[in-house]
Amino acid sequence: MKVYVCDNCQNPLYFENSQCLKCSHPVGFDPVSLTMITLTAGKERYCKNAEYGVCNWLVPAAAEPSFCVACAMNRVIPTLDSDQNKVRWKNMEVAKHRLIYSLLRLRLPFHVTRDDKEEAIQFDFMADTPNGDKVMTGHDNGIITINIAEADEAERARNKQDFGERYRTLLGHFRHEIGHYYWDVLIKDGTALGKYRALFGDERKDYAVALETYYANGAPADWNQRYISQYATAHPWEDWAETWAHYLHMMDTLETAWSFGIRIDPVELEDDAGIKISHLREPYDQTDFNRLIKRWLPLCFAVNSLNRSMGHADFYPFILSAPVIEKLRFIHELCYAGVKA
């Protein structure tokens, strides 16, 4: 995520701001130019969901109010008959908008046509029913369902503890589930399928049986030598989705660090001339995966150390083994296929 400033007073802005906290000018995010714009009061062109305080994205000028590119993907939202649901929905939208920002930066498609049928990204934000019916977070042909309980910090902390996870965030759920959609888009029936199977395994393995086995037995003892997380061991589809989520973690965090001018190691080795000081390109403009990973690993070590200095758990509590790095490289090359270095 980039650092944004108010054009009127140069005060820094958060991605979620709809008003400059210094000069009170209205501001909004333009998904076309991918930047924050300082607006003239009375001439705002916000998404329709701005009236609920859950969106600050802008839409093209039109006679009738419309939804922004991110909110237009909503198929089901929670009932807004309680303050709790309103808060949870806002948390969902904050995470979702950050996800859509990353997808826009990567120029990934939001819909594809397969067998004369369009498969588009849609979101269902749902709650368990009073009679005990549970909403399962998951993906099905472009439809991403997320239980809004995950937008509650206490509930998510309980789930994190119950499942023995070191990391569990709402944004992480979005990034994981969207990974299943992009498996269909980038891998399924494509030329990359063979290499995918060599790296992640054969997805034709029975999915239901694989999950049942995982939940019964857990991950193998040496899982971190080949996988990014324990859950990634469950099935090749889950390995892809977990690794995809971590790729988005890496790209967005590197962009944030780059935008703030954080340089953990600005000296790069060049193959032809020893050590040179080189201009570090913006991460989303960097097609050379080696340069990204060389910046990611020391950044994680530095921020983990900062967290420990404050008595917090590690910012990024994961080990990137050589096989995991190759999986991340594969995803990066897929996303940047056809883009020159």
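The values are calculated or read from the model by the stated rules, or taken from the named source; none is laboratory data. Please read these numbers as outputs of a predicted model, since none were measured by experiment. Cβ atoms come from the backbone with ideal geometry, glycine included; neighbour counts cover every protein chain shown. Just the protein is used for accessible areas: all its heavy atoms, side chains included, with ligands, DNA and RNA removed. Shrake-Rupley method; radii C 1.70, N 1.55, O 1.52, S 1.80 Å.
Just a few scattered comments:
- 19 Å Cα-Cα reach of LYS86 towards lysines, excluding residues that sit fewer than 8 places from it in its own chain: LYS48, LYS96
- The order of the peptides 31-42, 129-140 by mean Cβ neighbours within 10 Å, most packed first, is 31-42, 129-140.
- Volume per residue that the Cα convex hull of the chain spans, once the total is divided by residue count, Å³: 187 Å³
- Under 20 Å from the Cα of LYS90 - aspartates and glutamates, other chains or at least 8 residues apart: GLU16, ASP30, GLU51, ASP81, ASP124, ASP128, GLU150, ASP152, GLU153, GLU155, GLU177
- Potential extension, LYS134-GLU212 segment - 0.36 nm per residue separation minus Cα distance: 26.3 nm
- Put simply, segment 166-252 fits an ellipsoid with semi-axes of 19, 18, 12 Å; these come from the alpha carbon gyration tensor as the roots of five times its eigenvalues, largest first.
- Distance from segment 176-238 to segment 52-72 (C-alpha centre basis), Å: 36 Å
- In a DSSP loop and with at most 11 other Cβ atoms within 10 Å, the trypsin sites (Lys or Arg not before Pro) in segment 8-111 are LYS43, ARG107.
- FRET efficiency, SER24 to GLN84 (Cβ-Cβ, R0 30 Å, nearest 0.05): 0.50
- Kirkwood-Stokes translational diffusion coefficient of segment 112-209, alpha-carbon pairs, 20 °C, 1.002 mPa s, µm²/s: 137 µm²/s
- Axial C-alpha extent at least 18 Å, average Kyte-Doolittle at least 0.5 - helices from the chain (DSSP): 322-335
- For segment 283-341, the solvent-accessible area with a 1.4 angstrom probe is 52 square angstrom per residue.
- When only Cα pairs below 8 angstrom with a gap of at least 6 residues are kept, segment 30-121 shows a relative contact order of 21 percent.
- Relative contact order for the chain, counting Cα pairs under 8 Å that sit 6 or more residues apart, in percent: 12 percent
- 18 Å reach of a label modelled at PHE15, 7 Å along Cα-to-Cβ, counting backbone N of segment 216-250: 244-250
- Distance between the 7 Å Cα→Cβ label points at ASN141 and ILE264: 4.3 nm.
- Cα extents for segment 226-265 along the principal axes, largest to smallest and rounded to whole angstrom: 39, 15, 10.
- Debye-formula intensities of segment 2-56, expressed as log10 I(q)/I(0) at q = 0.18 Å⁻¹, are -0.52 (one equal scatterer per alpha-carbon, no solvent).
- Hull-based mean projected area of segment 28-114, where the convex hull spans the alpha carbons, in square nanometres: 7.1 nm²
- Segment 281-341 - Rg and Dmax from Cα coordinates, angstrom: 13.9, 45
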